[in-house]
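Presented below is the structure to which this report refers.
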Amino acid sequence: MQKPAIAVIGGTGAEGSGLVVRWAHAGYPVIIGSRSAEKADTVAAELRALLPAGHAPISGATNAEAAATGDIVVLSVPYESQAGMAEQIAAGAQGKMVMTVVVPLKPPKVSIAWRPEAGSAAQELQAQLGESVQIVAAFQNIAAGHLRDLDWQPDCDVLYTGDGKEAKAAAAELIRAAGFFAVDAGPLANSAVVEGFTALLIGINARNKVKNSGIRITGIPRNE
Ligand SMILES: NC(=O)c1ccc[n+]([C@@H]2O[C@H](COP(=O)([O-])OP(=O)(O)OC[C@H]3O[C@@H](n4cnc5c(N)ncnc54)[C@H](OP(=O)(O)O)[C@@H]3O)[C@@H](O)[C@H]2O)c1
């Protein structure tokens, strides 16, 4: 069966480009969204060159075009630009599942958990995009470091939260396709906890002089 096309808004960046590589490798056509269509095309060519033969197409577009073209939209931009970016993709995203990987951080104290007034960045996004959009928050705790390395065996889990059953099922499929164990962490309101955990991981990285610490949920049977 034809896999849905994924538009990765900010897919030129560290986190987004790693996800692009993993999803294209798993057979999902990907459209990289950028403020510059030219930059998106360049990064698309770079990522295609990283992948072994047989991957799904990777193309580039402006953010608005990508959101309109993709069956699923993934938002992977810095929190400071979330509201502006949501405005640009709002028309194209209506009626679709939007996965957000955005983490709200408050510089300079990025290792201290901080919540926006809406509760979380994901809830803020839901309020801005409206009810026809099903938001799922995921990948907040997955460092970009190893994402492009297809030989890397993830030793951390992806916690995902959301309020729509269908969207959550689709999100779990994308998480598994990217090579991770997907853990349903409940409703979108819980995204505040998952987002907040990233600040803890940033501090844990600094104190342990590492770059890619992560979390794993124990006690759940998994076939490994
Ligand atoms: N890096 C990680 O390890 C990691 C881990 C988990 C979650 N996250 C979260 O994932 C999101 C993306 O992280 P990242 O590290 O990939 O970020 P990034 O590389 O700094 O930015 C991603 C992309 O967003 C666009 N962008 C940057 N500044 C912008 C602005 N002011 N206005 C509009 N667009 C802008 C850029 O794309 P164009 O220039 O092509 O438009 C950029 O390539 C963030 O919310 C981050 O907190 C990151």
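Every read-out reported here was derived from the displayed coordinates using simple, explicitly stated rules and does not represent laboratory data. All values derive from a computational prediction rather than experimental measurement. Cβ atoms come from the backbone with ideal geometry, glycine included; neighbour counts cover every protein chain shown.
Each Lys and Arg contributes +1 and each Asp and Glu -1, all at the Cβ; summed about the Cα centre of the stretch 32-124, the dipole is approximately 280 debye. With the charge dipole of the stretch 1-136 set up from +1 on Lys and Arg Cβ and -1 on Asp and Glu Cβ about the Cα centre, the Cα lying farthest toward the positive end among the listed residues ALA61, LEU125, GLY18 is that of GLY18.
Counting Lys and Arg as +1 and Asp and Glu as -1 over every other residue whose Cβ lies under 13 Å from the Cβ of ASN190, the net charge comes to -1. Among THR62, THR42, a tally of other beta-carbon atoms within 10 Å of each Cβ gives an order, fewest to most, of THR42, THR62.
Students often get this wrong, so check it: of LYS168/LYS211; LYS96/LYS211; LYS39/LYS96; LYS109/LYS165; LYS39/LYS211, which have C-alpha atoms separated by over 32 Å? Too far apart for the 32 Å limit: LYS96/LYS211; LYS109/LYS165. The dipole here belongs to the chain: it is taken about the Cα centre, uses +1 on the Cβ of Lys and Arg and -1 on the Cβ of Asp and Glu, and is about 520 debye. When the Cα positions of GLN82, LEU201, LEU188 are compared along the charge dipole of the chain, LEU201 comes out farthest toward the positive end, with charges on each C-beta of Lys, Arg, Asp and Glu.
The shape of the chain comes out rounded: with a ≥ b ≥ c from the C-alpha gyration tensor, a/c is under 1.5.
For MET1, neighbours were defined as the other residues whose beta-carbon sits under 13 Å from its Cβ, and their charges (Lys and Arg +1, Asp and Glu -1) total -1.
DSSP beta bridges confined to the stretch 6-208 are antiparallel in about 10 percent of cases.
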